[in-house]
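Structure record follows, encoded as structure tokens.
The values are calculated or read from the model by the stated rules, or taken from the named source; none is laboratory data. These figures come from a predicted structure and were not determined experimentally. Quick reminder, even Gly has a Cβ in these numbers, built from the backbone with ideal geometry, and neighbours come from all protein chains shown.
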Amino acid sequence: MRKIRTTLVNPLNRDRLEILGDHVISCQAGVISEKRPYDPALDSDCEDRRDCVLLPGLIDVHTHLSQYRIRGLFEPALFPWLDKHVYPAEARSSDPAYARGIAEEFFAALFAAGTTTSVIFTAPFEVSCQKAFEAASQMGARAYIGMSLMDQNCPGQLRQDTDNAIALSKDLFQRFDTASPLLRYILTPRFAVSCSSRLLSWVGSFAADNAAWIQTHLSENEEEVSFVRGAFKTGTYTQVYQERGLLTPRSIFAHAIHLGEAEMGILASHRCKLAYCPDSNFFLKSGEFPYRDISLHGIDIGIGSDVAAGTTPNMLYHAKMANFRQSAHPLLPARLIWHLTLGNAALLGLEDRIGSLERGKEADFILLNLPKPLDGENDLASELCFCGHEYQLRETVIAGRTVFLSSGLSSPRHHGLT
Ligand SMILES: [Zn+2]
């Protein structure tokens, strides 16, 4: 049993959060067992963390493990960036020792940024995906992980034989989708450019038969969109996926920037999920995510880092970018915090297990050191979104297990509190 006395930031719905000063949160056997105001008669045994604020663990719905070491390497558009930086970097993950090393580095970086759940592409090699699962399992990460699929229009070192890619995906799904309560397998065609019609159709039918999750990219870049429309001889990029059964309530499409009204209607009718990756979109000059129009269609939106086109795994930074990269539509702090926690949890069908600080939910949370004493609580959500870099992470906990503890913060800092 663990009891912590601190300030809680808890999302209630997409536009409301509660900030609970001087509360006690308890967890036992990996589950939140109590949340209530501090009571001196009952709580003499709790950890005093009034120098911190406690939030649900942060969730990243779109990131690339095998690209972690090429963050910040710039090219002015998607295709040259893939050719020059991404494909050579991913080719290195065919080596088991390299694949294991980058997986450990990646999960350590997620934990040090307060990310407790992530949805991950690995390189197009079985060993890359397998080492990611092994590292995630041993280190205690909660994640959806998939091997990237690509059987055309890519360098020979990365190109998979179609039948082999299908066989490996089936095998990885069977080995890992239900092996751990924290981990799932996700079918991962990289994007329509690099996947044959047969491979995409297999993903659609396997997902339907097995209630499997799917992740891919959609309409990120105008050159990509016209390439796909030409290659598949269809009117829209969305139709390519629709005709092959990839539009499901368990499908996450990253970017979705260059969409027509009809495509938004189709994605909404299939209850597809979209990952908004603002830092990546501006890094690669891909365009601006049409957040308002997509919301008006009732499509579920999550926020992703898209490392390595996103420059950092730090989701508080991506909350700020999600606001900054909307030129006219203001995303308010309560919405941004909701996206990173309960909203992204709901996107993954995990809202009953994680995403907010409620009794009975699994104990995924982070403690951030307050950079200054709390001066009222009303502005805390705004400060977390726009000055998140000033809140040094103290601890990251997944299902009750501490996966990160800052070595520089072992003694409490009181900031004038007694
Ligand atoms: Zn991506």
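Which of (1) outside any strand (DSSP E or B); (2) within 16 Å of the ligand (Cβ to nearest atom) is the odd one out, the single condition residue 382 does not satisfy?
Failing condition for residue 382: (2).
Yes or no, residue by residue, for (1) over 21 Å from residue 253 (Cα atoms); (2) among the charged types (D, E, K, R):
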site	(1), (2)
320	yes, yes
344	no, no
356	yes, no
362	yes, yes
380	yes, no
390	yes, yes
393	yes, no
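I need the strands (runs of 3 or more DSSP E) fully contained in segment 207-316, keeping only those with at least 2 residues that are buried (at least 17 other Cβ atoms within 10 Å of the Cβ), of a type in the set (Val, Ile, Thr) and in the same structural domain as residue 196 (by TED's automatic domain parsing).
So the answer is 213-218, 300-303.
Determine, yes or no, whether residue 5 is exposed (fewer than 14 other Cβ atoms within 10 Å of the Cβ) and charged (D, E, K, R).
When the stated conditions are applied, residue 5 does not pass them.
Within segment 154-179, work out how many residues are within 22 Å of the chain's Cα centre (by Cα) and surrounded by 14 or more Cβ atoms within 10 Å (Cβ to Cβ).
5
Among the listed residues 76, 96, which satisfies the condition of being assigned by TED's automatic domain parsing to the domain that holds residue 306, modelled with pLDDT under 95 and either within 23 Å of the chain's Cα centre (by Cα) or more than 16 Å from the ligand (Cβ to nearest atom) (or both)?
Exactly one of 76, 96 is assigned by TED's automatic domain parsing to the domain that holds residue 306, modelled with pLDDT under 95 and either within 23 Å of the chain's Cα centre (by Cα) or more than 16 Å from the ligand (Cβ to nearest atom) (or both), namely 76.
Only one residue in 170, 131 is basic (Lys, Arg), under 23 Å from residue 85 (Cβ atoms) and away from the ligand (no atom under 15 Å from the Cβ), so which one is that?
Of 170, 131, the one residue that is basic (Lys, Arg), under 23 Å from residue 85 (Cβ atoms) and away from the ligand (no atom under 15 Å from the Cβ) is 131.
Quick one: is residue 184 away from the ligand (no atom under 16 Å from the Cβ) and not in a helix (DSSP H, G or I)?
It is true that residue 184 is away from the ligand (no atom under 16 Å from the Cβ) and not in a helix (DSSP H, G or I).
Looking at segment 226-263, which of its residues are within 16 Å of the ligand (Cβ to nearest atom) and over 25 Å from residue 60 (Cβ atoms)?
228
Is it the case that residue 282 is within 16 Å of the ligand (Cβ to nearest atom), more than 25 Å from residue 145 (Cβ to Cβ) and among the aromatic types (Phe, Trp, Tyr)?
Yes, satisfied.
What are the pairs with Cβ atoms under 6 angstrom where one residue, in segment 72-90, is acidic (Asp, Glu) and the other, located anywhere, is surrounded by 17 or more Cβ atoms within 10 Å (Cβ to Cβ)? Sequence gap at least six, or different chains.
75/81; 90/66; 90/123
Being surrounded by fewer than 16 Cβ atoms within 10 Å (Cβ to Cβ), more than 25 Å from residue 406 (Cα to Cα) and not charged (D, E, K, R): is that true of residue 42 here?
yes
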